[in-house]
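The values are calculated or read from the model by the stated rules, or taken from the named source; none is laboratory data. Just so we're clear, the structure is a prediction, and the values are computed from it rather than from any experiment. We place every Cβ from the backbone using ideal geometry, glycine too, and count neighbours over all the protein chains shown. The accessibility values were calculated without ligands, DNA or RNA, using every heavy atom of the protein model including side chains. Shrake-Rupley method; radii C 1.70, N 1.55, O 1.52, S 1.80 Å.
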Amino acid sequence: MPESANKPASKPKIIVALDFGLKRIGIAVGDTLTCTAHPRAIITNGPEGPDWRALERVLAETRPARLAVGEPYNADGSPSPLTEAVRRFAAELTTRLALPVDLVDERWSSLDAEERLRGMRERGERGRRITRGDIDAAAAAVILERWFERQTTRT
């Protein structure tokens, strides 16, 4: 009998991913059972910081076990101008919400998200035009998919 057959199955966990931007933060939700990610919402971000109340409402509805935050890098792997701001945001999330936060390389996630959304529109799966907010939420889903991939390669 395989060793894994003797281990109890772990309970699926909800994971929320965040795509940090200076104007908006995209949010996606998924679970460790299906390892699928779904764009959920966007919240505003600005000089005064993120809309913490809106984020807390989404997290109260989804009750995640942990968060995955996209960490921006340049194409060559060096930190981008936003990398330090994202790291501060991730630290603030940990402090405010008492949830574990994982940083995930988000290179090209917005481009990937936009390409997916355009493909959906071309196939008739999406009727309305694509907004920046749509792209931000879809980019968060890409980040979450990468988080799931990273978890499966670690086991």
If the label point sits 7 Å along Cα→Cβ of GLU114, residues of the stretch 13-39 with amide N under 18 Å come out as 19-27
Applying a 10 Å radius around every beta-carbon, put 33-46, 72-85, 132-145, 12-25 in order of their mean neighbour count, most first. 132-145, 12-25, 33-46, 72-85
Summing -39500 (n - 2.57) over every DSSP H run of at least 4 residues in the chain and dividing by its residue count gives a helix-only mean residue ellipticity at 222 nm, to the nearest 500 deg cm²/dmol, of -14000 deg cm²/dmol
Once fully extended, how much extra length lies between ALA65 and ARG129, figured as 0.36 nm per residue of separation less the alpha-carbon to alpha-carbon distance? 19.7 nm
Quick check: from the Cα gyration tensor, does the stretch 44-86 come out rounded (a/c under 1.5), prolate or oblate? oblate
Quick one: what Rg and Dmax do you get for the chain from the alpha carbons, in Å? 16.2, 58
Cα gyration tensor category, rounded, prolate or oblate, for the stretch 20-77 with a/c compared to 1.5: oblate
Sorted by accessible surface (1.4 Å probe, heavy atoms of the protein chains only), largest first, GLU56, GLU48, GLU61 come out as GLU48, GLU61, GLU56
Note down the relative contact order for the chain as a percent, whole number, built from C-alpha pairs under 8 angstrom at least six residues apart. 29
Any idea of the accessible area per residue across the chain, 1.4 Å probe, to the nearest Å²? 59
